[in-house]
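The values are calculated or read from the model by the stated rules, or taken from the named source; none is laboratory data. Bear in mind that the values here come from a model prediction, so they are computed numbers and not experimental data. Cβ sites come from the backbone with ideal geometry, for glycine too, and all protein chains shown count toward neighbours. The accessibility values were calculated without ligands, DNA or RNA, using every heavy atom of the protein model including side chains. Shrake-Rupley method; radii C 1.70, N 1.55, O 1.52, S 1.80 Å.
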Amino acid sequence: MSHFDFDSFFDGEWDDKGDLVWSESDWKRYLKGAKSDIKKFITYYNSFNKSLDRLNEAAKLMGWEPDDWCTNYGYFPEPDDSTFTDFEDIFNSDHSTPDDMDPYTIHRHPVFITTNALCLLQKKDWESYISKKSEAPFSHKTTWAFTNALRESELQAVMAIQAIDLGDSPLGICHFKEALASLNKSLRLTSEISEVDPEFSLCYENDFLTRFFDIREIWLRVMQDCRSTNL
């Protein structure tokens with residue numbers, strides 16, 4: 001998996017385009033577009049789930065450069081029509097490019113999009129798994145611990161992205177450390193659940209581990225880039 005230039009995500013050049021006064025309906029439209037970006041990344045990522053280069057491939061289809069996902073400012077350009085053909089039916093009516101005057105917020109940040117997308121996949125698979133179990137082969141305490149670790153890792157990562165985006169890299173690194181601690185707890189619990197339930201091991205474990213390691217790869221790269229720029 002290639003290394004991305006995550007530092008360029010946080011170079012402070014994504015400024016708002018003037019003083020805009022938006023209504024509730026404007027922001028509702030904006031948030032709908034942000035959710036669409038997460039859906040798109042999930043679809044692209046899943047289509048390359050067997051590839052070792054899945055993050056790069058999904059990034060290309062999102063319009064992000066694989067070596068530095070943020071050489072552009074504001075909203076990233078859409079892939080050209082030939083690249084997007086395989087997915088146009090999935091997002092036909094939902095797929096729209098924001099107006100050039102749309103402001104930048106954290107919702108449009110590549111690390112925010114990828115973190116939310118991968119965490120959402122984890123939560124959906126976890127919900128699917130536990131909904132099938134009339135009697136879990138492990139305690140309710142384990143169920144809660146796993147659920148809470150997923151939630152806490154995502155929350156801390158979002159706090160980290162926000163801190164770095166506002167120019168406080170040390171605070172962002174601290175939040176990412178907390179996020180990684182919760183992620184490591186999730187990894188440990190994944191192994192424990194797999195040991196006591198063959199169904200989880202067979203149907204879910206591999207996908208969970210793949211996503212966890214992809215999330216960790218992204219966060220570690222951001223931390224590394226933050227440290228290198230503060231030397």
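Taking the criterion of being small (Gly, Ala, Ser), at pLDDT below 80 and farther than 26 Å from Val158 by Cα, would at least one residue in the range 94-114 satisfy it?
Taking every residue of the range 94-114 in turn, none turns out to be small (Gly, Ala, Ser), at pLDDT below 80 and farther than 26 Å from Val158 by Cα.
Might you let me know whether the range 180-193 holds any residue that is in contact with a Phe, Trp or Tyr (Cβ under 8 Å, 6 or more places away or on another chain), over 28 Å from Ser51 (Cβ atoms) and either free of Cβ contacts under 8 Å to residues at least 24 places away in the same chain or not hydroxyl-bearing (Ser, Thr, Tyr) (or both)?
The answer is yes, given that some residue of the range 180-193 is in contact with a Phe, Trp or Tyr (Cβ under 8 Å, 6 or more places away or on another chain), over 28 Å from Ser51 (Cβ atoms) and either free of Cβ contacts under 8 Å to residues at least 24 places away in the same chain or not hydroxyl-bearing (Ser, Thr, Tyr) (or both).
Which residues, counting only those in the range 152-168, are open to solvent by 20 Å² or more (accessible area, probe 1.4 Å) and assigned to a helix (DSSP H, G or I)?
Hits for the range 152-168 are Glu152, Glu154, Leu155, Gln156, Val158, Met159, Gln162, Asp165.
Quick check: anything in the range 75-82 of a type in the set (Gly, Ala, Ser), surrounded by fewer than 17 Cβ atoms within 10 Å (Cβ to Cβ) and modelled with pLDDT under 65?
Checking the range 75-82: at least one residue is of a type in the set (Gly, Ala, Ser), surrounded by fewer than 17 Cβ atoms within 10 Å (Cβ to Cβ) and modelled with pLDDT under 65.
Could you please give the count of residues in the range 131-151 that are small (Gly, Ala, Ser), open to solvent by 50 Å² or more (accessible area, probe 1.4 Å) and in a helix (DSSP H, G or I)?
1
Inside the range 41-52, can you point out the residues that are modelled with pLDDT of 90 or more, open to solvent by 10 Å² or more (accessible area, probe 1.4 Å) and either part of a helix (DSSP H, G or I) or of a type in the set (D, E, K, R) (or both)?
If the condition is that a residue be modelled with pLDDT of 90 or more, open to solvent by 10 Å² or more (accessible area, probe 1.4 Å) and either part of a helix (DSSP H, G or I) or of a type in the set (D, E, K, R) (or both), then Ile42, Thr43, Asn46, Ser47 are the ones that fit.
For a quick check of your reading of the model, give me the residue pairs whose first member lies in the range 115-138 and is modelled with pLDDT of 90 or more and of a type outside the set (A, V, I, L, M, F, W, C), whose second is surrounded by 11 or more Cβ atoms within 10 Å (Cβ to Cβ) and not in a helix (DSSP H, G or I), with beta-carbon atoms closer than 6 Å and at least 6 apart or on different chains.
Pairs found: Asp125/Tyr204; Tyr129/Tyr204.
Check Val158 against each of (1) among the β-branched types (Val, Ile, Thr); (2) closer than 17 Å to Val111 by Cβ; (3) in contact with a helix residue (DSSP H, G or I) (Cβ under 6 Å, 6 or more places away or on another chain) and name the one condition it does not meet.
Tallying (1) among the β-branched types (Val, Ile, Thr); (2) closer than 17 Å to Val111 by Cβ; (3) in contact with a helix residue (DSSP H, G or I) (Cβ under 6 Å, 6 or more places away or on another chain), Val158 fails exactly one: (3).
Among what's in the range 189-216 and is open to solvent by 50 Å² or more (accessible area, probe 1.4 Å) and among the acidic types (Asp, Glu), pick the residue that is nearest to the chain's Cα centre (by Cα).
Result: Asp207.
Could you look through the range 23-38, keep only residues that are more than 21 Å from the chain's Cα centre (by Cα) and of a type in the set (S, T, N, Q), and pick out the one that is least open to solvent (accessible area, probe 1.4 Å)?
Step by step, filter the range 23-38, then rank; the result is Ser23.
Return a yes/no flag: does the range 12-22 have any residue that is under 23 Å from Ile161 (Cα atoms), surrounded by 13 or more Cβ atoms within 10 Å (Cβ to Cβ) and at pLDDT 90 or above.
No, the range 12-22 contains no residue that is under 23 Å from Ile161 (Cα atoms), surrounded by 13 or more Cβ atoms within 10 Å (Cβ to Cβ) and at pLDDT 90 or above.
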